[in-house]
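To start, the structure itself, in structure tokens.
The values are calculated or read from the model by the stated rules, or taken from the named source; none is laboratory data. Please read these numbers as outputs of a predicted model, since none were measured by experiment. Every residue, glycine as well, gets a Cβ built from its backbone with ideal geometry; the counts of neighbours run over all protein chains shown. Note: areas computed on protein heavy atoms with side chains; ligands, DNA, RNA excluded. Shrake-Rupley method; radii C 1.70, N 1.55, O 1.52, S 1.80 Å.
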Amino acid sequence: MGNPKGVKRDFEALEKRRFQAMRLLDQGLNQSETARRLKVARQTVSAWRRQYLQQGAAALRRAGRAGRKPLLDAAQRQRLTALLLEGPEAHGFPTPLWTCPQVARLIGDEFGVDYHEGHVWKVLRGLGWSPQRPVGKARERNEEAIRTWKRKT
């Protein structure tokens with residue numbers, strides 16, 4: 001189940017739906033009718049009601065972000081951006097291009113946090129970085145001859 005790709009959960013709407021269920025139940029509707037009106041499973045309404053009766057309104061409030069919390073806090077991500085801008089050669093890597101394994105090693109060395117090299121691209125995208133590669137051009141390339149060829153041919 002879940003949301004379509006790229007659609008984020010609306011936690012505020014979900015909270016409103018839970019409180020709407022309590023209002024409908026208080027008006028005398030049974031759990032099945034409440035579930036039909038809110039387009040949820042009857043068991044869901046039952047669970048909401050049980051939580052509400054045991055813990056009060058606080059149990060129906062939104063829980064906050066979903067998923068695992070990031071391993072790097074905001075200050076560490078800012079520091080990582082600064083380190084990445086220094087370039088890989090400044091950190092002992094032989095080429096001037098960052099690779100995911102290199103970034104994973106840098107994060108591990110600097111912050112003591114182990115990221116799988118296949119996951120590092122998500123961290124980089126979160127920082128606003130995108131994968132880029134330099135355009136390979138031959139050293140012997142004659143730009144004038146290329147321009148002439150494009151115009152005439």
What is the one condition in (1) within 24 Å of the chain's Cα centre (by Cα); (2) open to solvent by 60 Å² or more (accessible area, probe 1.4 Å) that Ala104 does not satisfy?
-> (2)
Test Arg37 against the stated conditions and say whether it is touching a residue at least 24 places away in the same chain (Cβ under 8 Å) and open to solvent by 100 Å² or more (accessible area, probe 1.4 Å).
-> no
If the Cβ limit is 8 Å and pairs must be 6+ apart or interchain, which residue in region 61-74 that is within 13 Å of Gly126 (Cβ to Cβ) and surrounded by 10 or more Cβ atoms within 10 Å (Cβ to Cβ) pairs with which residue that is at pLDDT 90 or above and among the basic types (Lys, Arg)?
-> Pro70/Arg77
Residue in region 113-124 that is least open to solvent (accessible area, probe 1.4 Å), counting only those that are in contact with a Pro (Cβ under 9 Å, 6 or more places away or on another chain) and under 16 Å from Thr81 (Cβ atoms) = Val120
Of (1) surrounded by 12 or more Cβ atoms within 10 Å (Cβ to Cβ); (2) at pLDDT below 90, Pro134 satisfies all except one. Which?
-> (1)
State yes or no: is Gln43 without any contact (Cβ under 8 Å) to a residue 24 or more places away in the chain and not in a loop (DSSP other than H, G, I, E, B)?
-> yes
Meets criteria (part of a loop (DSSP other than H, G, I, E, B), without any contact (Cβ under 8 Å) to a residue 12 or more places away in the chain, out of contact with any strand residue (DSSP E or B) (no Cβ under 6 Å at 6 or more places or on another chain) and farther than 30 Å from His116 by Cα) for Gly28 | yes
So Gln55, is it farther than 30 Å from Val103 by Cα, open to solvent by 80 Å² or more (accessible area, probe 1.4 Å) and modelled with pLDDT of 95 or more = no
Out of Asp109, Asp73, Asp114, which single residue is within 17 Å of the chain's Cα centre (by Cα) and modelled with pLDDT of 90 or more?
-> Asp73
